[in-house]
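What follows is a single structure, written as structure tokens, with notes after it.
The values are calculated or read from the model by the stated rules, or taken from the named source; none is laboratory data. Just so we're clear, the structure is a prediction, and the values are computed from it rather than from any experiment. No Cβ is skipped: glycine too gets one built from the backbone with ideal geometry, and neighbour counts run over all protein chains shown.
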Amino acid sequence: MFQKLGENYRKLDLLLRKKVHLYLLLLLAAFMITSIVLNVYRHQPLFSNLDTGFTMFWIYIVGYLASRIPVRNGLRFLLCLILNFIPLLIESIVQKSIVDYTSIIIIAVVAGFLGSVSFLCLFTLFNKSYEEGDSSNGTTKS
């Protein structure tokens with residue numbers, strides 16, 4: 001029985017190493033399911049604490065979208081920054097939490113951090129030319 005479990009674990013491990021996207025989606029699903037179970041246990045509304053999971057999913061999607069656009073890396077980073085800034089700004093407007101210009105500066109700093117994470121996700125997960133050492137778009141593997 002344990003030998004069969006070990007074989008199945010190795011097969012699953014090889015599959016997840018080849019397909020990083022599947023691994024990240026499974027990790028995100030496990031995170032969100034755990035959050036839902038904790039909400040049920042604490043007698044809170046079912047979907048009350050899923051904003052972290054949705055933020056992780058958004059970072060993943062922004063990195064994927066930026067990897068599909070054939071432009072220079074500076075413009076890809078700018079795209080990641082803008083695609084993370086706009087939802088944060090809209091969320092702050094809907095919640096009426098913008099007090100003055102410093103609130104927008106803080107949102108821009110947070111969007112810069114999330115854009116940087118999306119940009120790193122772009123290189124580590126999605127950019128095939130980076131893996132192959134292609135220097136056509138300015139990225140080389142050192």
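Numbers at a glance
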| read-out | value |
| --- | --- |
| Hits in the range 89-113 - residues which are within 19 Å of the chain's Cα centre (by Cα) and at pLDDT below 90 | Glu91 |
| Options Thr52, Thr34: the member that is under 20 Å from Leu120 (Cα atoms) and among the polar types (S, T, N, Q) | Thr52 |
| Test: residue in the range 5-25 that is surrounded by 11 or more Cβ atoms within 10 Å (Cβ to Cβ), more than 14 Å from the chain's Cα centre (by Cα) and closer than 17 Å to Thr124 by Cβ | yes |
| Hits in the range 56-83 (condition: exposed (fewer than 15 other Cβ atoms within 10 Å of the Cβ) and closer than 23 Å to Ile104 by Cα) | Gly74, Leu75, Ile82 |
| The range 84-103: number of residues that are at negative phi and either surrounded by fewer than 15 Cβ atoms within 10 Å (Cβ to Cβ) or of a type in the set (Asp, Glu) (or both) | 13 |
